[in-house]
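Chemist: This is the structure, below, for whatever I ask next.
The values are calculated or read from the model by the stated rules, or taken from the named source; none is laboratory data. Predicted model, so just to flag it, every value in this text is computed and none were measured. FYI the Cβ positions are ideal-geometry reconstructions off the backbone, even for glycines, and counts take in every protein chain you see.
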Amino acid sequence: MVDLSRRRKPSFESGHDAPVTLREQDSYGRWPVATAISRVIDAAPMEWSTRIGLFGRWGDGKTSVLNFLETQQKERHNIVIRYSPWGVSNESSMWRGFCDALVNGLRTNGIAVSFWSRAEYWLRARLDPLATTAKFAGRLAQASGQVPFGSVVGEVLAKALAAVNLTKRDVDRVLGCAGGQRIVVFIDDLDRADPVVIPQLLLALRELLDLPRFAFVLAFDRSIVAAALEKYNPAWGKSGFQFLEKVVDFPFTLPSPSPEQVMGLANSQFLQNCPFVPSATLDEVAKYLPHNPRRLKLFARLIGGMREEVERHDETELDWPLILLLSLLGTESHELTNELVAQITDTETEFNWLYFVDDEAQQEKMMASLRQMVARHAVDSDQSGHMMVLCQALIDECRGKASEGVRYHARFALSPDCITWREFRGFVHQWKASNTPETIRRFVEERSISLRSPVDVIKVELVGTVISHHSDLLEKASNVTAQEAHLQLMMDALENLDLLLQCVVSADSACTLTSRQMFDVWDRLLSLFTQWRHFTSNQRESELRNKETETLLAIATAINDPLKLYERLKPWSDREHYGDARSAKLNEAFVSQIRDHLEAQAIEAALVFATGSGTIDKLRARDGYAAARYFLTAPASPCFNDAALKRRLMGLIEARLGALDARQNALDWLEILLEALPYGDRFCRPEQRRDYLKKHEDFVELLWRLAVSLPSQYRFLSSILELRKQLIDGGVPETALPVPDWLALSLTKRSDSKESEIGSIPNE
């Protein structure tokens, strides 16, 4: 075989997914197709020119059929010439490439072509009748308003004339040198050429290259070529397929492979590229595998590219059905895969993707959401349908599996974790032998160098893995039956907490984290420890519970953001409970212990808001300042229920009397207190706020004195008066809200009707 294309095809044509050449490699039954085409060529009279079409989509195996056909034709001592217009973008390049393929192919087969002249009389002789036909066709077009086939042919032949320098004498001499041999020309990848040049070649094959003893085998995707023809000449309308019937004498369409053929190829390709995938897994996902042989080979190579990551894991660590389905969907759209994984692992979504929904309306809502998601990423309806099937299969596969596991396997192919369980177990073994931060530090540095990943990324992942390991130990301990095994797991969990503390809070901490990262660690541990708080049936479990508490307190101290930590505990709302009444009681005691530890520091941080400039207004924000607002405004706050704390708070406020920024703080403070009167807020109900205003009249009076300690401009007089009125309506005695002289003086200038709105106004 001689590949005479002037352009080289992409490299994947010669890799593992390259077209097959040997009959024993034929997995999809392409040899019989080649045999049928050979029979057509053999049966054609020598004086005929035969044009054969081989139709199939990209990757269906058209080139493999041509390879088989070449073998068969050479066994018959025929001359085989191959030309591929892959990537050709203009007519000149196409004709030069085609002519070069003919010339070089004949020379390769021992036919001297030095006589290939530039004389054009033969072509012109052939063209003259066609030109006459074209002229006549043009007249018909003017009369009918349509552009017939003949006019287009004339244009094409005129353009080809300058490139194809072929004479009748040349043809006769070529055929004479060929003896009784046929000249079989393969034109592969016609659908990969620029659509502009496709009609040129097809029209020439029909009219210009109608040469005796020549057989042309054209391999292409019929729908793509038909579309190019229709675009080339809009007058043909939707007759692109009909025109192909004028060019192609004998059409052959590649048959779809059977399920057995697909599995046969899949087994061979997976054995060759990724033997580490269990064969049973391949059987499980067989119906979702691509039927296109090239796509199937490429998919096997894709999985084979995971070998290095696979070898970092133990055999039992990887969920291969999940990996294969995620990878199959990823070959269609990585964006869709990531979006779907995010949906099915988000427990706060409107509907839970990982569990069956009994409500049919809810099921339809989920499917509608899925269809919309797929539509955003699909190219056409065929791909959309295939994506829907894969998405549904993936959702079904994820049911009952932990969200973190799903996310881990979704990251596996493109962005694998820096630490696998196998690597972590090896690290823990080393650490137990030394029990020093240096071992941790060395492991982090080695991982960073090996993976070319930043040290900080490795640190975060290591700490996260330690926490996940603790969760696994507790889960295993709850399910193991043997007492000895249970006690060993408890001991391992105790050692694991020592490792965690050595990582993040020891004097020589090996994994220094940012404040945000440390909070995430603390938050995750709080949820985990609360979940298992009720397991205290033996001494070892009690020791572990105490160790968990110590760990949480030590990390809280290292974070040094008591307000943020306190806000996470939400003493103003119902807390999460697990299990029965005993579990709830133990959880409450545990959370209270942590809260009590943080409370003094949190109060100190909250008191800063009482004296700062514009700080009280920040408490209006919903997130970030909830704990400070709780301490400074909630009826249940220790600042109002502990006499010493209340005196201190009021002393801080009183010391600011007369300060301009303090005055604004006081106004904001009073407004926040009043916000709960109509409907309540997150800290209290309306009636609780009324009771607060009455009970802490002295505190409200202090805020009012500070708020009116300096005169306000006339535009704010009404708002100050309205504020006083609301406080009175809320239960604060008028005597506790005296009107200063500057305000009283301003009121005397107002109308009697306006004055009546505030009732009697005692002077300060």
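Chemist: Do we have residue 500 as surrounded by 16 or more Cβ atoms within 10 Å (Cβ to Cβ) and closer than 26 Å to residue 596 by Cβ here?
Modeler: So residue 500 fits the description; yes.
Chemist: Further, regarding this structure: Any residue at all in segment 316-323 that is in contact (Cβ under 8 Å) with a residue 24 or more places away in the chain, in contact with a helix residue (DSSP H, G or I) (Cβ under 6 Å, 6 or more places away or on another chain), closer than 24 Å to residue 62 by Cβ and not β-branched (Val, Ile, Thr)?
Modeler: The answer is no, given that none of the residues of segment 316-323 is in contact (Cβ under 8 Å) with a residue 24 or more places away in the chain, in contact with a helix residue (DSSP H, G or I) (Cβ under 6 Å, 6 or more places away or on another chain), closer than 24 Å to residue 62 by Cβ and not β-branched (Val, Ile, Thr).
Chemist: For segment 97-114, give me each residue that is surrounded by 15 or more Cβ atoms within 10 Å (Cβ to Cβ), at pLDDT 60 or above and in contact with a Lys or Arg (Cβ under 8 Å, 6 or more places away or on another chain).
Modeler: 97, 101, 105 - these are the residues of segment 97-114 that are surrounded by 15 or more Cβ atoms within 10 Å (Cβ to Cβ), at pLDDT 60 or above and in contact with a Lys or Arg (Cβ under 8 Å, 6 or more places away or on another chain).
Every residue, every condition in (1) out of contact with any Pro (no Cβ under 9 Å at 6 or more places or on another chain); (2) outside any helix (DSSP H, G or I), yes or no:
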{"site": "530", "(1), (2)": "yes, no"}
{"site": "535", "(1), (2)": "yes, yes"}
{"site": "583", "(1), (2)": "yes, no"}
{"site": "586", "(1), (2)": "yes, no"}
{"site": "594", "(1), (2)": "yes, no"}
{"site": "598", "(1), (2)": "no, no"}
{"site": "602", "(1), (2)": "no, no"}
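Chemist: Also, I was wondering about something else. Hey, does segment 541-563 have a residue that's of a type in the set (S, T, N, Q), at pLDDT 90 or above, closer than 25 Å to residue 457 by Cβ and in a helix (DSSP H, G or I)?
Modeler: Looking for residues that are of a type in the set (S, T, N, Q), at pLDDT 90 or above, closer than 25 Å to residue 457 by Cβ and in a helix (DSSP H, G or I), one finds at least one in segment 541-563, hence yes.
Chemist: Right, here's the next one. Tally time: how many residues in segment 408-443 are over 29 Å from residue 326 (Cβ atoms), surrounded by 13 or more Cβ atoms within 10 Å (Cβ to Cβ) and either charged (D, E, K, R) or in contact with a Lys or Arg (Cβ under 6 Å, 6 or more places away or on another chain) (or both)?
Modeler: Going through segment 408-443 one residue at a time, the tally reaches 3.
Chemist: So which of 262, 277 is crowded, with 16+ Cβ neighbours inside 10 Å, modelled with pLDDT of 85 or more, hydrophobic (A, V, I, L, M, F, W, C) and not in a helix (DSSP H, G or I)?
Modeler: Just a single option satisfies the conditions, and that option is 277.
Chemist: Still on this structure, I have one more. Closer than 25 Å to residue 388 by Cα and assigned by TED's automatic domain parsing to the domain that holds residue 395: does that describe residue 271?
Modeler: Here the answer is no, as residue 271 does not meet what is asked.
Chemist: Among residues belonging to segment 493-528 that are in a loop (DSSP other than H, G, I, E, B) and without any contact (Cβ under 8 Å) to a residue 60 or more places away in the chain, point out the one that is nearest to residue 556 (Cα to Cα).
Modeler: Only one residue fits best here, namely 505.
Chemist: Please specify each residue of segment 639-651 satisfying the condition of being surrounded by fewer than 14 Cβ atoms within 10 Å (Cβ to Cβ) and either part of a helix (DSSP H, G or I) or outside the structural domain of residue 604 (by TED's automatic domain parsing) (or both).
Modeler: Residues satisfying the conditions are 641, 643, 644, 647, 651.
Chemist: Looking at (1) assigned to a helix (DSSP H, G or I); (2) modelled with pLDDT of 75 or more, find the lone condition where residue 176 falls short.
Modeler: Condition (2) is where residue 176 drops out.
Chemist: From the list 93, 64, 84, 117, which one is modelled with pLDDT under 75 and among the hydroxyl-bearing types (Ser, Thr, Tyr)?
Modeler: 117
Chemist: Next question, about the same structure. Looking at segment 414-421, is at least one residue of a type in the set (Phe, Trp, Tyr), closer than 30 Å to residue 330 by Cβ and assigned to a helix (DSSP H, G or I)?
Modeler: Checked against the condition, which is being of a type in the set (Phe, Trp, Tyr), closer than 30 Å to residue 330 by Cβ and assigned to a helix (DSSP H, G or I), segment 414-421 yields at least one hit.
Chemist: If you check residue 223 against the conditions, is it surrounded by fewer than 19 Cβ atoms within 10 Å (Cβ to Cβ), modelled with pLDDT under 85 and assigned to a helix (DSSP H, G or I)?
Modeler: yes
Chemist: Still on this model: Among the candidates 402, 485, single out the residue that is farther than 18 Å from residue 510 by Cα and assigned by TED's automatic domain parsing to the domain that holds residue 525.
Modeler: 485 is the lone residue from the list that is farther than 18 Å from residue 510 by Cα and assigned by TED's automatic domain parsing to the domain that holds residue 525.
Chemist: Regarding segment 440-460, can at least one residue be identified that is without any contact (Cβ under 8 Å) to a residue 40 or more places away in the chain, touching a Phe, Trp or Tyr at 6+ places or on another chain (Cβ under 6 Å) and part of a helix (DSSP H, G or I)?
Modeler: For segment 440-460, residues without any contact (Cβ under 8 Å) to a residue 40 or more places away in the chain, touching a Phe, Trp or Tyr at 6+ places or on another chain (Cβ under 6 Å) and part of a helix (DSSP H, G or I): present.
Chemist: Moving on. Name the single residue, out of those in segment 37-47 being surrounded by 15 or more Cβ atoms within 10 Å (Cβ to Cβ) and either of a type in the set (A, V, I, L, M, F, W, C) or modelled with pLDDT under 90 (or both), that is nearest to residue 63 (Cα to Cα).
Modeler: 37
Chemist: What single numbered condition from (1) closer than 19 Å to residue 638 by Cα; (2) at pLDDT below 90; (3) surrounded by fewer than 14 Cβ atoms within 10 Å (Cβ to Cβ) fails to hold for residue 580?
Modeler: Here residue 580 meets the rest and fails (1).
Chemist: Of the residues in segment 422-439, how many are assigned to a helix (DSSP H, G or I) and of a type in the set (Ser, Thr, Tyr)?
Modeler: Residues flagged as assigned to a helix (DSSP H, G or I) and of a type in the set (Ser, Thr, Tyr) within segment 422-439 amount to 2.
Chemist: Sticking with this one: For a quick check of your reading of the model, give me the residue pairs whose first member lies in segment 474-492 and is closer than 17 Å to residue 542 by Cα, whose second is in a helix (DSSP H, G or I) and small (Gly, Ala, Ser), with beta-carbon atoms closer than 8 Å and at least 6 apart or on different chains.
Modeler: Cβ pairs passing all conditions: 474/493; 477/493; 486/477; 489/477; 490/477.
Chemist: Every residue in segment 250-270 that is closer than 24 Å to residue 40 by Cβ and among the hydroxyl-bearing types (Ser, Thr, Tyr), please.
Modeler: Across segment 250-270, the qualifying residues are 253, 256.
Chemist: Cβ-Cβ under 7 Å, sequence separation 6+ or interchain: first residue in segment 260-275 and over 13 Å from residue 298 (Cβ atoms), partner part of a loop (DSSP other than H, G, I, E, B). Which pairs?
Modeler: From segment 260-275, the pairs are 261/27; 261/28; 261/29; 262/289; 262/291; 264/27; 268/27.
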